[in-house]
1. Enumerate by residue number the trypsin sites (Lys or Arg not before Pro) in the stretch 7-81 meeting two conditions: DSSP loop (anything except H, G, I, E, B), and at most 12 other Cβ atoms within 10 Å of the site's Cβ.
2. Given a Förster distance of 30 angstrom, what is the FRET efficiency for residue 146 paired with residue 52, based on the Cβ-Cβ distance and rounded to 0.05?
3. Computed over the Cα atoms of the stretch 3-65, what is the ratio Rg over Rh, Rh following Kirkwood?
4. Out of the stretch 17-99, which GluC sites (Glu not before Pro) are coil in DSSP terms and have no more than 13 other C-beta atoms within 10 Å?
5. Based on the Cβ-Cβ distance from residue 186 to residue 12, what FRET efficiency comes out when R0 is 51 Å, to the nearest 0.05?
6. Could you order 74, 114, 46 by accessible surface area, starting with the largest, using a probe radius of 1.4 Å?
7. Expressed as a whole number of Å, what is the distance separating the alpha-carbon centroids of the stretch 96-156 and the stretch 37-74?
8. Which FRET efficiency value, to the nearest 0.05, do you get for residue 222 and residue 166 by plugging their Cβ-Cβ distance into 1/(1 + (r/R0)^6) with R0 = 22 Å?
Amino acid sequence: MSGKAKDILQLDLYGLLGIENTATTKEIKKAYRQKALKCHPDKNPDNPKAAELFHQLSQALEVLTDAAAKAAYDKVRAAKKQAEERNRKLDDKRKKIKLDLEARERQAEAQTQDEVQITRTLEEEIIRLREEGSRQLEEEQRLIREQIQREREEQQNTGDYSHRSTSKFILKLLQKYGDVLNVVMSGKKKGSAVVEFATVRAAELAVKNERGLSENPLKILWLEGQPEVGPPSQFMSTQASLANERDYESVVMMKMRQAAERQRLIEQMQREDDEEGAAS
């Protein structure tokens, strides 16, 4: 008897799958998918026994969905249950009556020979399954891998949508103080964002007055300290200096391109939100 056949005989294949021995092939496959999906090693990286249990489930599927292998296994299983039942019913009389004991031993020896023959048949069926290749098992495992991948993608998509929704919420909340040029969500610090206002005045109003919603409060701070706004003469002097250093027309074109790019980004975010809302 090979080690593989012995290992299978030690397992309760029906118990592993949580089914009765009268289960149909369809019920066996359904039970395998449910069990294998829960104990798949990719879903249980911290459980060292997950791979072993997943392998045992695979053995159960191979044997119980093949008619000849299942029949051989059922015979061995029935024989073991009969032996267990006989041993359970034995009492102290077996120790006292020698002849009865010898008769039972002979019967057990004959039963053992039958089990050896049945086990050999099961071993032959398992070898046949290995030689033919278990295409059915490979297909079931492929379906499980695809389902796990789909679940991961759904979780990722849900996270992306939440990120864009939060950015849109901040934009709408702060626009009442003035034009908001850009909202950048932090990828490292959860719940943080950088907001660019068109004017310093709008930023000052937002910092001073905005507290968010009662169930979702906001704390607004200057990114690099509150800027100092000088008198008009200083502002005009800065503009005059800029005009001397650069060509005025180039500066105007550059600002127009920046404004157009910001508008394009806002419109793109709006389209993405509308598409996701329609899809959901």
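The values are calculated or read from the model by the stated rules, or taken from the named source; none is laboratory data. All figures in this text were calculated on a predicted structure; none of them were measured in a lab. No Cβ is skipped: glycine too gets one built from the backbone with ideal geometry, and neighbour counts run over all protein chains shown. Side chains are part of the model used for accessible areas, which takes the heavy atoms of the whole protein and leaves out ligands, DNA and RNA. Shrake-Rupley method; radii C 1.70, N 1.55, O 1.52, S 1.80 Å.
1. In loop regions of the stretch 7-81 (DSSP not H, G, I, E or B), the sparsely surrounded trypsin sites (Lys or Arg not before Pro) are 49.
2. 0.80
3. Expressed as Rg/Rh, it is 0.98.
4. Filter output for the stretch 17-99: 20.
5. The value I calculate is 0.45.
6. 46, 114, 74
7. Between the Cα centres of the stretch 37-74 and the stretch 96-156 lies a distance of 10 Å.
8. 0.55
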